[in-house]
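Following: one structure in structure tokens, then a few remarks.
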Amino acid sequence: MKLRTKRKKKARTALVICNGEVLSKKEIAPLLKENPFIVCADGGADKARARGIRPDVIIGDLDSISPGTRSYFSDVRTIHVKSQHSTDLEKALTFLLKHGYRSAVVAGTMGGRPDHAYTNFSILKKYQRRMDLLFVDPLCDIRIVGRSIAFDASVGTIVSLMPLGRCDGISTTGLKYPIRNGSLELGVHEGASNKVVSSPVTVSVKKGSLLLFIVKSR
């Protein structure tokens, strides 16, 4: 069963499906309600097919997509980008930027090899000034704070703040262990496993790239 309906007008946001651990059909269904433009990064097309999702574009070096899925989506626009100087996710994001998209939800960035996950965190940092990106994972949602962010979360929700390098001028509200104009630095001091005590939660940072993890209740 297909999980999306025919689009009547150009979507203002996009959904990128990668080849990592992707949400279940039930979990991914809410992301399809706004009828996003769907891009599969190479083997992400296999994950989309398994969930009854039809992409608008498949892009990558095409070394991961299965022959069966490529045949199944034979009428979907497929772009072969041979360059090995960028990952399939970067190829997908570059395509979206070229076509005017400035925000995207990205599924399937975690799971599998840890070095792939770390590379995807680096991509978040690389694209943060050009796109508003949210990584969605079965266990948590991940994004870069930018300069400030506010969000609603249930009391007890686990929130982690992980710096990509060093971050200064960090302040938070709504967390059990608040930070007041503090610093976090990779390999020195990270902000793992804090808890929400009131909502909305706010996080701000004056300098540096700060990853925000919001852990989902299971």
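The values are calculated or read from the model by the stated rules, or taken from the named source; none is laboratory data. The shown structure was predicted, so the numbers you read here are calculated from the model rather than taken from an experiment. Here the Cβ is made from the backbone with ideal geometry for all residues, glycine too, and neighbour counts use every protein chain on show.
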task: Would you check if there is a residue in region 146-158 being in contact (Cβ under 8 Å) with a residue 40 or more places away in the chain and under 12 Å from the mean Cα position of the chain (by Cα)?
output: no
task: Please work out which residue is modelled with the lowest pLDDT, limiting yourself to region 80-107 and to residues that are of a type in the set (Lys, Arg) and farther than 17 Å from Thr13 by Cβ.
output: Lys82
field: Leu23 being part of a helix (DSSP H, G or I), hydrophobic (A, V, I, L, M, F, W, C) and touching a residue at least 40 places away in the same chain (Cβ under 8 Å)
entry: no
message: Exactly one of these conditions fails for Asn120: (1) out of contact with any helix residue (DSSP H, G or I) (no Cβ under 7 Å at 6 or more places or on another chain); (2) surrounded by 13 or more Cβ atoms within 10 Å (Cβ to Cβ); (3) part of a helix (DSSP H, G or I). Give me its number.
response: (1)
message: Among the residues in region 108-119, are any of a type outside the set (Phe, Trp, Tyr), more than 27 Å from Ser64 (Cβ to Cβ) and at pLDDT 90 or above?
response: no
- prompt: Is there a residue being hydrophobic (A, V, I, L, M, F, W, C), touching a strand residue (DSSP E or B) at 6+ places or on another chain (Cβ under 9 Å) and either farther than 23 Å from Phe37 by Cβ or free of Cβ contacts under 8 Å to residues at least 24 places away in the same chain (or both) anywhere in region 105-116?
  reply: no
task: Would you be able to say whether some residue in region 56-76 is of a type in the set (D, E, K, R), part of a helix (DSSP H, G or I) and either on the phi > 0 side of the Ramachandran plot or within 16 Å of the chain's Cα centre (by Cα) (or both)?
output: no
message: Being surrounded by 17 or more Cβ atoms within 10 Å (Cβ to Cβ) and outside the structural domain of Ser193 (by TED's automatic domain parsing) is the requirement here; does Leu133 meet it?
response: yes
field: Checking Thr109 against (1) surrounded by 21 or more Cβ atoms within 10 Å (Cβ to Cβ); (2) of a type in the set (Ser, Thr, Tyr); (3) part of a strand (DSSP E or B), the condition it does not meet
entry: (3)
- request: Go through region 136-154 and give me each residue that's modelled with pLDDT of 90 or more and under 19 Å from Gly208 (Cα atoms).
  value: Ile142, Arg143, Ile144, Val145, Arg147, Ser148, Ile149, Ala150
